[in-house]
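**Student:** Before anything else, here's the structure in question.
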Amino acid sequence: VNLGCKLDLKKIALHARNAEYNPKRFAAVIMRIREPRTTALIFSSGKMVCTGAKSEEDSRLAARKYARIIQKLGF
């Protein structure tokens with residue numbers, strides 16, 4: 001999914017829940033949500049990969065939730 005804007009990964013990692021960011025290990029924020037149970041890799045370019053969903057519909061719903069979380073942080 002392309003979120004269409006550049007992101008400050010440090011800010012996302014500090015303010016979002018269930019988010020981990022270790023630039024030495026991997027250049028993206030790893031964020032998890034419980035429902036639907038998925039993991040997203042969020043890159044500073046504004047691109048996001050959503051994994052672990054049971055169906056494409058769940059994946060779409062999860063991607064929307066991640067986008068909403070990031071939107072609430074002011075991006």
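**Student:** Note down all Cβ pairs under 8 Å where the first residue falls in segment 2-15 and is in contact (Cβ under 8 Å) with a residue 60 or more places away in the chain, the second is part of a loop (DSSP other than H, G, I, E, B) and basic (Lys, Arg), and they're at least six residues apart or on different chains.
**Tutor:** Hits for this filter: zero, empty list.
**Student:** Looking only at segment 27-67, how many residues end up being surrounded by fewer than 14 Cβ atoms within 10 Å (Cβ to Cβ) and within 18 Å of Lys6 (Cβ to Cβ)?
**Tutor:** Of the residues in that region, 3 qualify.
Only the coordinates and a few stated rules stand behind these numbers; no lab work does. These numbers were taken from a predicted model, which means no experiment stands behind them. Cβ coordinates were reconstructed from backbone atoms using ideal geometry, including for glycine residues, and neighbour counts include every protein chain displayed.
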